[in-house]
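Working notes for the structure below.
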Amino acid sequence: MYAETVGNAWPAIVRSPGTAAGVLIGRAADDGALVRLDIGDRSLKNRLIDVFGGSGQGKSFFAQKLMLWFLLWDAWATAVDTVGGYETLCAIAGGKTIRLGGPGTAAINIWDGPRATEEELAARVRFVVRAHEVLLAESGRPITGRIRSVVGQGVRAVYRACRRGETPTERYLVDWLEEQATHQEDHEDKRLFKDVAADLYPYVRDGEHAALVDRPTSFGFDTRLLAFHIDPKELRPDTPIYAFVMFAMTDIADRRDVLAQEWGRRSGRGTVQHLLAIDEGWNILRHEAGQDWVGGIGRTGRHSGIVPMFVSQKLSDLTANKAAAAYFDQTSLHFLFNMHDTNDESGVDPRQWVARKLGLTEGEAAQVGDLAGKVAPDKKTLEYAQMFMIRTTKTANRAARGVVNVPSAAEEAWLFASDPDDKEYRARMVRAVARDPERPIGDEVYQAVCLLAEGATPAEVYAARVVPAPAHAGDHDDREAATAGAGGAAWTAAR
Ligand SMILES: Nc1ncnc2c1ncn2[C@@H]1O[C@H](COP(=O)(O)OP(=O)(O)OP(=O)(O)O)[C@@H](O)[C@H]1O
Ligand SMILES: [Mg+2]
């Protein structure tokens, strides 16, 4: 499927930002050579990825493209975003979108999770206590050692009471705190237990966020593609509940990774890569817990299959944060879309700053500021977006880098674009190609994407008839759109 081309020959790779093999992500802007990415390539320093660029420049589009490729290569993928950008991908690739916030919110019960052994239980207790630090952080009361200790006692007591397999939810802790309050002789102790319980009221029973926090987890972790859509209108990014959700993501990602590796072993695939895209990544850095997590990934890397991808508008989102800066410092793959980072160092020319941070010449930093996509003949869509790719290797002093055109054929455009005007069109296309969830990605979608990525035109893809009739018929138009013969016109007509 992946024809070798002159562009992949070894000497070119020395200069090319891409790796020798792997998924196709675009073409070099200077000589048109294919640029590939194999995240397992031994030249790479590690598997950390970051994607930066101004609004609307193509970050999320690119992140999804990469995600689809990973899925086609047997990987698992988890996405966290605030605009629901991954829903179309989930719909066609057998993934699930989990909406968090608002009346129909999914539930995340931080209390479940492995605790069969003493070590597992200890780890779970630590996690649940830390999650409460996040929830209680903005109550106006500082988290004193005393509060931490009370919560720790409570969490252990709740688990002890549930030894026989019952899974607690948040109200168990609040009940324990209230009961303890009644036993305290000392007035201040009584107050403390009562206050902590009261601070948790919004998260239990009929509290504002109880549906999210105080119920059994409402989704399975074992879907190969899971996209979390946090609605920022419902869960405001400056609130403790938002920070809590972000913190819970760290645990979900780790637990999914364990499942991914089990799946890999069972199916004889070996280590499974697990792409973890944190879109609008600046959001996760609003709270210390998120900063520590992101920084921790940077400092320690991961033994498991997680391939973290931090997507944000500015470099300084990461670099300005002491804890999280380690992620940026270590990242092996930088993908930069058009970006004007005004950074926080006053008096420093932004271009010089970007150049210094990324080890670029000033000329290259200027290229980053000049990146532009090519507008398609319809004058509405883009034929490709441009990015500057930097691949840091273990050995070379100078990172391989260059401008890459990230193409988009009509079939990809409807999949990954986010324009609100095209919502109905996307829904129709999803109905036309959505597959049986048991077969995550239809072979025909796989083939179509491979052909397109290898430079085939949509007309050629149709001529090869890789897109058949939908398995379960939608309305008449959908069927027509999906079964049209040679020529991409029918897809376009579905608009
Ligand atoms: N490679 C591409 N080819 C064609 N069109 C593209 C490409 N990348 C982006 N676009 C177009 O640009 C629009 C915006 O892109 P995208 O959603 O990726 O922006 P973004 O960088 O994530 O912005 P934001 O920071 O606002 O989320 C897409 O909906 C799509 O129409
Ligand atoms: Mg985006």
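So how long is each side of the stretch 188-333 along the principal axes, counting just the alpha-carbon atoms, biggest first, in Å?
Rounded to whole Å, the extents work out to 54, 39, 33 Å.
Where does the charge balance sit around VAL158 when Lys and Arg score +1, Asp and Glu -1, over other residues with C-beta under 12 Å from its C-beta?
+2
Is the shape of the stretch 41-82 best called rounded, prolate or oblate, per the rule: a/c under 1.5 gives rounded, else a/b larger than b/c gives prolate, else oblate, with a ≥ b ≥ c the square roots of the Cα gyration tensor eigenvalues?
It comes out oblate by the Cα gyration axes.
Excluding ASP329 itself, calculate the net charge of residues whose Cβ lies under 12 Å from the Cβ of ASP329, where each Lys or Arg counts +1 and each Asp or Glu counts -1.
Once positives and negatives cancel, what remains is +3.
Summing Lys, Arg as +1 and Asp, Glu as -1, what charge do residues with Cβ under 13 Å from the Cβ of LEU121 carry, LEU121 excluded?
Overall, the nearby charge balance is +2.
³J(HN,Hα) across the stretch 244-253 via Karplus (A = 6.51, B = -1.76, C = 1.60, θ = phi - 60°), whole Hz, x for Gly/Pro?
4, 4, 4, 5, 4, 4, 4, 6, 4, 4
Starting from the Cα of VAL348, step 7 Å along the direction of its Cβ; do the same at CYS162; then give the gap between the two resulting points in nm.
4.7
Under 5 Å between amide hydrogens, which residues at least 5 positions from LYS96 or on another chain qualify, with H placed 1.01 Å from N in the peptide plane?
The answer is LEU225, LEU226, ALA227.
Using the beta-carbon distance between TYR201 and THR117 and R0 = 30 Å, what value does 1/(1 + (r/R0)^6) give for FRET efficiency, to the nearest 0.05?
Once rounded, the FRET efficiency stands at 0.35.
Please work out whether the stretch 118-211 counts as rounded, prolate or oblate from its C-alpha gyration tensor, where a ≥ b ≥ c are the square roots of the eigenvalues and a/c under 1.5 means rounded, while otherwise a/b larger than b/c means prolate and anything else oblate?
It is rounded, given that a/c, with a ≥ b ≥ c, falls under 1.5.
Taking θ as phi - 60°, what are the ³J(HN,Hα) couplings along the stretch 315-322 by the Karplus curve (6.51, -1.76, 1.60), each to the nearest whole Hz, with x for Gly and Pro?
With the stated coefficients, the stretch 315-322 comes to 4, 5, 4, 8, 6, 6, 9, 3 Hz.
Go through LYS374/LYS423; LYS314/LYS357; LYS96/LYS374; LYS357/LYS394; LYS322/LYS357; LYS59/LYS380 and tell me which ones have a Cα-Cα distance over 21 Å in this structure.
LYS374/LYS423; LYS96/LYS374
If you take the square roots of the eigenvalues of the alpha-carbon gyration tensor of the stretch 12-154 and sort them as a ≥ b ≥ c, do you get rounded (a/c under 1.5), prolate (a/b over b/c) or oblate?
The shape class here is prolate.
Bear in mind these aren't lab numbers, they're just calculated from the coordinates by the rules spelled out. If you're wondering where the values come from, they're calculated on a predicted model, not measured in any experiment. Note: ideal-geometry Cβ built from the backbone for every residue, glycine included; neighbour counts use all protein chains shown.
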